[in-house]
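Novice: There's a structure below that I have some questions on.
The values are calculated or read from the model by the stated rules, or taken from the named source; none is laboratory data. Quick caveat, the model's predicted, so the values are computed rather than measured. Here the Cβ positions follow ideal geometry from the backbone for every residue, glycine too, while neighbour counts run over all protein chains shown. Accessible surface is based on the protein model in full, side chains and every heavy atom, while ligands, DNA and RNA are left aside. Shrake-Rupley method; radii C 1.70, N 1.55, O 1.52, S 1.80 Å.
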Amino acid sequence: MKKLIIMLAFVIAGLSVNAQKEKIELKLSLRDGNVVSGTSSSITVVSLNTDYGKLEIPVKNVSSLEFGITPDNDNKGKIINLIKQMNDPAEEKRQAAYDELIKMNIGAIPVINDYIYGTEYQPSEYTDYTPDAAFNEMKNLYGVDESFNDKDIVKIDYEYTMGGTFALKTISLKTEYGLLDVPKEKIKEVEITYCDEQNGNKAFKLIASKHISGNENGGWLNTGIKIKNGQKININASGEIVLESLSGNKYTPDGSVSNPSSDYESDESNYCGSAYPSYGNVVYKIRDDGEAIKAGSKYSGTAKSSGALFLSIYETVYNASNTGSYTVKVNIK
């Protein structure tokens, strides 16, 4: 019996170690303008109910989640009735309808939108308590902009999008300040980074349509790795990308071109073991304001400063039509 208990203990410990090798890092942009970052162990797949069926998407393939506003169809009749009451000759009735409407949940917003911009709507002749004013007040209250969507959207591998309704109602986030449970209706967008820490390595994916050093809006991937001056940095990268910004040439992490176009001009920094980055290279920097350093397909070096490690693909011009990706494994000692 004692041997069995000991064996079970080792199995459980092994499962715990394996679980820790995979980490999901989340960056939540909230509707009130705040941003919260942390990790989650509760999300392994993203369930999306679509018009064509239910999708179960492994979280490691998910780049981001955009949260739409699900219409409150259960209260649709009540919402429309309150809107109609704002055309009542009695001011107190108009005010009562207005006050009740703006206290409703966020799901009332798309219902109001569809009705007041529909063919059945008759604008009120009164200007004190109007459906348009209630609509704008609710959008301000819940932090909803003009471009809101009534569908949730998942982005897969930074390239493919699908709309529907997420099954999740809250996101449990482990932060440096403790565990937070954030309701879906308070979230505008979630950026997801999946890290596979097998054998002490952390694996990241650099997407050519996003992670370009010349892209000033998210071109550098924050790995979440904190490096100290003097630590050893080992980077290995593989994959192939197409840079439409460079005549649609195909590149590998070391900067080599596999199908140069007729107007391709070779980059001398590719040769003679140059330390300077060339187009298509995997590059890294320490701190957001750090200098881009060439990593290529295989790199080993020593950190000369301390801070967060960022990764990107070297190219000075950003083109969202780029395709492909690099898989980058990082080991810090």
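Novice: What do you get when you divide the Cα radius of gyration of segment 68-183 by 2.2 N^0.38 Å, with N the number of residues?
Specialist: In units of the 2.2 N^0.38 Å rule of thumb, it is 1.30.
Novice: At 1.4 Å probe radius, can you tell me the per residue accessible area of segment 41-98 in Å²?
Specialist: 57 Å²
Novice: Show me the helices of the chain, taken as full DSSP H stretches, that run 20 Å or more along their long axis by Cα and average -0.5 or above in Kyte-Doolittle hydropathy.
Specialist: 2-20
Novice: Students often get this wrong: which residues of segment 223-247 have the backbone nitrogen under 13 Å from the point 7 angstrom along Cα-to-C-beta of K304?
Specialist: 230
Novice: Give K23/K54; K155/K188; K250/K333; K139/K184; K54/K202 a once-over and call out the pairs whose C-alpha atoms are over 21 Å from each other.
Specialist: K23/K54; K250/K333; K54/K202
Novice: If the cut-off is 15 Å between C-alpha atoms, which aspartates and glutamates fall inside it for K294, apart from same-chain ones fewer than 8 positions away?
Specialist: D254, D267, E268, E315
Novice: Continuing with the same structure: List the trypsin sites (Lys or Arg not before Pro) within segment 96-186 that DSSP assigns to loop and that have no more than 12 neighbouring Cβ atoms inside 10 Å.
Specialist: K103, K169
Novice: While we're looking at this one, here's another question. Exactly which chymotrypsin sites (Phe, Trp or Tyr not before Pro) in segment 156-197 are in a DSSP loop and have at most 11 other Cβ atoms within 10 Å?
Specialist: Passing both the DSSP loop test and the Cβ count: Y177.
Novice: Starting from the Cα-Cα distance between Q95 and D150, subtract it from 0.36 nm times their residue separation and give me the gain in nm to one decimal.
Specialist: In short, 17.0 nm is gained.
Novice: Compute the longest continuous run of the chain that contains no exposed GluC sites (Glu not before Pro); treat a site as exposed when its DSSP state is not H, G, I, E or B and it has at most 13 other Cβ atoms within 10 Å.
Specialist: Value returned for the longest uninterrupted segment is 1-119.
Novice: Hey, another quick one. How long are the semi-axes of the equivalent ellipsoid of the chain, defined as square roots of 5 times the Cα gyration tensor eigenvalues? Whole Å, largest first.
Specialist: The three semi-axes for the chain are 47, 28, 17 Å.
Novice: Moving on. Points 7 angstrom from Cα along the Cβ direction at E159 and D181: gap in nanometres?
Specialist: 3.9 nm
Novice: With a sphere of radius 11 Å drawn around the Cβ of K169, what net charge do the other residues whose Cβ falls strictly inside it have (Lys, Arg +1; Asp, Glu -1)?
Specialist: Local net charge: -1.
Novice: Something else: Quick one: if you stick a label point 7 Å off each Cα along the C-beta vector at K333 and E244, how many nm between them?
Specialist: Rounded to a tenth, the inter-label distance reads 4.2 nm.
Novice: Then there's this: Subtracting the Cα-Cα distance from 0.36 nm times the residue separation, let me have the gained length for L30 to N61 in nm, one decimal.
Specialist: The L30-N61 span can extend by a further 8.9 nm.
Novice: Taking only C-alpha pairs under 8 Å that are 6+ residues apart, what is the relative contact order of the chain in percent?
Specialist: Over the chain, the number comes to 19 percent.
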